[in-house]
Amino acid sequence: MSTSTLLPRRSLDDIIEGLTGGGAQASNVTGHFVTPARLPRHGVFPDALHPLLLQALRARGIERPYTHQAAAIAAVLAGRHIVLTTPTASGKTLCYNVPVLDRILRAPESRALYLFPTKALSQDQYSGLHELIEATGAKVGTFTFDGDTPPDARKAVRDHGQIVITNPDMLHAGILPQHTRWLKLFENLEFIVIDELHTYRGIFGSHVAHVLRRLLRICAFYGAHPQVICCSATIANPVELAQTLTGLDLELVSDSGAPTGEHHLVCYNPPVVNRELGIRAGVVRTSYRLAAELITQGVSTIVFAGGRLQVEVLLKYLREAMVAAHQPPDLVQGYRGGYLPLHRRRIEAGLRNGTVRGVVATNALELGLDIGSLDACIVAGYPGSIASLRQQSGRAGRRQGKSLTVFVARSSALDQYLVTHPETLVGASPEHARTNPRNLFVLVDHVKCAAYELPFEPNERYADLSEAETAEVLAYLATHGVVNESAGRWHWTERVFPAHHVKLRGIPEENFVVIDVAKDKVLAEVDFRSAHMTLYEHAIYNLDSDQYQVERLDYDNHKAYVRRVEPDYYTTALTESRVGVLDEEGIRPAGPVSLAHGEVLVSLKVVGFKKIRFHTNENVGYGDVVLPDLEMHTTAFWLTLPDAVLAELPGDREAAIDGLAGLSHALHTTACVELMCAERDIGRAVGDRSAGIFVPLELRPGPAAEAPASEFAPTIFLYDAMPGGVGLAEEIHKRAPELLARTLSLLEGCRCEEAGCPACLGALPGYDGRARTAAVALARMLAQALTE
């Protein structure tokens, strides 16, 4: 990474004035909100803190804690469990490091376990903790323990680790099943620190809840009853989430005393480029232009993109802009999953020391990695939740000083609603973090793991289950020959190691490696699901603004062989979703329509790819892809119409089919808004469910109009986009009348008037008014049927 002479520093005032004060771009600004600077509020450290710790804090310039730090430290020292929710860069780390180190300095046999959701965050936090320990002059054994820890170092961690820093996956598969080798840790464990609590949502959160219950079960076996300290970004239900994950009562600390600099939030709606079709300038091009202006003028900037491909395209464009401005292109870096660990560490270091002035990232940088002080943040498309938007915005001005966030809206209905109602972004409550530990698939898997770790005692309750429910699950496992009852105790009987077969994140862990055939060198790693979207043969794999073509994919051995190329295009996968109903319940007739929810099997298939020219976004070619399907067992809500209903809609058959697709898009948008979840949390499919087989409408042989009416059962599916589901589908089913009424309001109130547009109807072949008329008529009929 270059250490070239840095760009001259400029105030943000002129740039903000150009955006909001009547400049060329001001007509696209729909909202400008200023949060004034706030002075710090201080408390005091307890007099009883260990003198070496007080000395170390003062040596680092910390004479007094902020009020929330003082409150958190006092609560922990008093023996209470806490959950801490204060803004980004408010000093949450000190709230647990101080009481933990105070205890270890007084009682060296004490132990603490730190849990972070990613290895990168573990390494980052280790560095900060190690510096504080060094300042005390004491020896405190602090180690990270993850998949990268060498085998010969693991014994040292077990024997000498007073603070063990790990992640839920390693705790689940590498520590709990081998608890007898961790006697010193479990017999003396006094603190469990759970950072980034808000990330433990969905199916991952459901798994982590059971990992924590198994952890506390083992601690109790060894006579330890540790305090739990949770830290979270701002969410609507931090205490509820912490209680769900741990089963404990926790005290909330949320009133931050940390200072904040003046912050400007600008909402930017790209200009309309095709008024007839309601199409706006693309979010990538718009974000690129804004970011290029900021970075070339010397403003340190982070751009949050919606996905890995967007990161790479934006990075390529920005580096080209730097070259055109006669400035070093490596002042701008990308940051996303798939980059090798050393590459990511170099970028993080560059952001801290100033040799990197711009970074394009996925939400990987939402988490609390120390990346220094940035002045501007561009959010390229709504990230899916108010909480995420605020986390990303908090990356600008982390260490006081004036800062700017620009939210650039996409053409989607949700983005357009938010950018045209910008007060929602500052006034709305953050979303609830949802998780469901009672998911039966997750529950049974972890009862197996718990039985392997320790026998179940007579009348023992597991997690939130009653004695009877626990016994019922164990009896079920006994019928499958994996546990056996003896004198009232349930013992694990299989030779297999159950934790190795339970994936916390709901996906296979076997990454694909990307190999440069010219250099015989590993370039990157790609997770299993993303490999289907990016590593098919003839795909262009983008890495650090360079392009590589996939020459061969060794699917069985998880290797992709690529060669450096210089095309004028990139590729994007074309996918098809199929939904198969496994179990149907809650059937609710509403006039001619049938509503239901239940268990489904969702199959995602990559059927081809298209080539998109850089800068112009022209389609310049297509290709076929042959890969196995990705399957997911989850829960769904569905709405099935008799064919006669479509026949009665205004317009022809094609307009009716497009209207059905448009209605599904609007209903999906409404569900995401009303359930306060991200768009990615709910999947959507539209098709024909005749004869029990779901076929996407666009894949029917010939026009849908050719299908015999008796064999056509148009259906809209909205499904939980997480294995096993987390209750969203059931909630949609319960609130269907309200959601359909709001869907009708969305369609009728869209600013496209009568033509229809991507915001209200989604992507359709055209927008001539017929599909919108059909969608409105269909929504009105459904809303009326459900209120009768």
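The values are calculated or read from the model by the stated rules, or taken from the named source; none is laboratory data. Because the structure is predicted, anything quoted here is derived from the model rather than measured. Don't worry about glycine lacking a Cβ; one is built from the backbone with ideal geometry, like all the others, and counts go over all protein chains shown. Ligands, DNA and RNA are excluded from the accessible area calculation, which covers all protein heavy atoms including side chains. Shrake-Rupley method; radii C 1.70, N 1.55, O 1.52, S 1.80 Å.
Look through region 131-145, keep the residues that are buried (at least 17 other Cβ atoms within 10 Å of the Cβ) and of a type outside the set (A, V, I, L, M, F, W, C), and return whichever of them is farthest from the chain's Cα centre (by Cα). Once the filter is applied, the top-ranked residue is T136. Note on region 223-325: enclosed helices (runs of 4 or more DSSP H) holding 3 or more residues that are more than 26 Å from Y382 (Cβ to Cβ), at pLDDT 90 or above and in the same structural domain as A413 (by TED's automatic domain parsing) are 308-324.
Would you please name the residue that is farthest from I229 (Cα to Cα), looking only at residues in region 83-101 that are surrounded by fewer than 23 Cβ atoms within 10 Å (Cβ to Cβ) and hydrophobic (A, V, I, L, M, F, W, C)? Among them, the one singled out is A89. Does Y222 fit the bill of being aromatic (F, W, Y) and open to solvent by less than 40 Å² (accessible area, probe 1.4 Å)? No. In this structure, T286 does not satisfy being more than 30 Å from G756 (Cβ to Cβ) and surrounded by 23 or more Cβ atoms within 10 Å (Cβ to Cβ). Looking across region 496-554, the residues that are β-branched (V, I, T) and under 16 Å from L309 (Cβ atoms) come down to V514, V526, T534, I540, V550. Being open to solvent by less than 20 Å² (accessible area, probe 1.4 Å), among the β-branched types (V, I, T) and under 25 Å from T136 (Cβ atoms) is a property that I73 has. Just wondering, is there one or more residues in region 649-656 that are outside any helix (DSSP H, G or I), open to solvent by 30 Å² or more (accessible area, probe 1.4 Å), modelled with pLDDT of 90 or more and on the phi < 0 side of the Ramachandran plot? There is no residue in region 649-656 that is outside any helix (DSSP H, G or I), open to solvent by 30 Å² or more (accessible area, probe 1.4 Å), modelled with pLDDT of 90 or more and on the phi < 0 side of the Ramachandran plot. For region 221-228, state whether one or more residues are touching a residue at least 40 places away in the same chain (Cβ under 8 Å), within 28 Å of A433 (Cβ to Cβ) and aliphatic (A, V, I, L, M). So far as region 221-228 goes, yes, one or more of its residues are touching a residue at least 40 places away in the same chain (Cβ under 8 Å), within 28 Å of A433 (Cβ to Cβ) and aliphatic (A, V, I, L, M).
Close contacts from region 88-103, counting a first residue that is under 10 Å from L53 (Cα atoms) and a second that is part of a loop (DSSP other than H, G, I, E, B) and open to solvent by 10 Å² or more (accessible area, probe 1.4 Å), with Cβ to Cβ under 8 Å and a gap of 6+ residues or different chains, come to V98/F45; L101/H50; L101/V140; D102/H50. Checked across region 572-587, the condition of being outside any strand (DSSP E or B) and open to solvent by 60 Å² or more (accessible area, probe 1.4 Å) holds for no residue. I need the full set of residues from region 565-582 which are in contact with a Lys or Arg (Cβ under 9 Å, 6 or more places away or on another chain) and farther than 21 Å from N617 by Cβ, in order please. Within region 565-582, E576, S577, R578, V579, V581 meet the criteria. Restricting attention to region 39-60, the residues that are over 37 Å from the mean Cα position of the chain (by Cα) and either open to solvent by less than 20 Å² (accessible area, probe 1.4 Å) or aromatic (F, W, Y) (or both) add up to 1. Note on region 432-475: residues that are open to solvent by less than 20 Å² (accessible area, probe 1.4 Å), assigned to a helix (DSSP H, G or I) and either touching a Lys or Arg at 6+ places or on another chain (Cβ under 8 Å) or without any contact (Cβ under 8 Å) to a residue 12 or more places away in the chain (or both) total 5. For region 63-82, the tally of residues that are more than 18 Å from E190 (Cβ to Cβ) and either of a type in the set (S, T, Y) or in contact with a Cys (Cβ under 6 Å, 6 or more places away or on another chain) (or both) stands at 3.
Can you pull out every residue in region 504-528 that is within 20 Å of A173 (Cβ to Cβ), open to solvent by 60 Å² or more (accessible area, probe 1.4 Å) and outside any strand (DSSP E or B)? Across region 504-528, the qualifying residues are R505, I507, E509, E510, N511.
Scanning region 116-130 for residues that are crowded, with 17+ Cβ neighbours inside 10 Å and touching a residue at least 60 places away in the same chain (Cβ under 8 Å) returns F116, P117, T118, K119, A120, L121, Q123, D124, Q125.
Every residue in region 606-629 that is part of a strand (DSSP E or B), surrounded by fewer than 18 Cβ atoms within 10 Å (Cβ to Cβ) and not β-branched (V, I, T), please. Result: G608, K610, R613, N619, G621, Y622, G623, D624. Scanning region 350-365 for residues that are more than 21 Å from T296 (Cα to Cα) and either open to solvent by 30 Å² or more (accessible area, probe 1.4 Å) or free of Cβ contacts under 8 Å to residues at least 60 places away in the same chain (or both) yields a count of 3.
Within region 588-598, how many residues turn out to be free of Cβ contacts under 8 Å to residues at least 60 places away in the same chain and open to solvent by 20 Å² or more (accessible area, probe 1.4 Å)? Count: 2.
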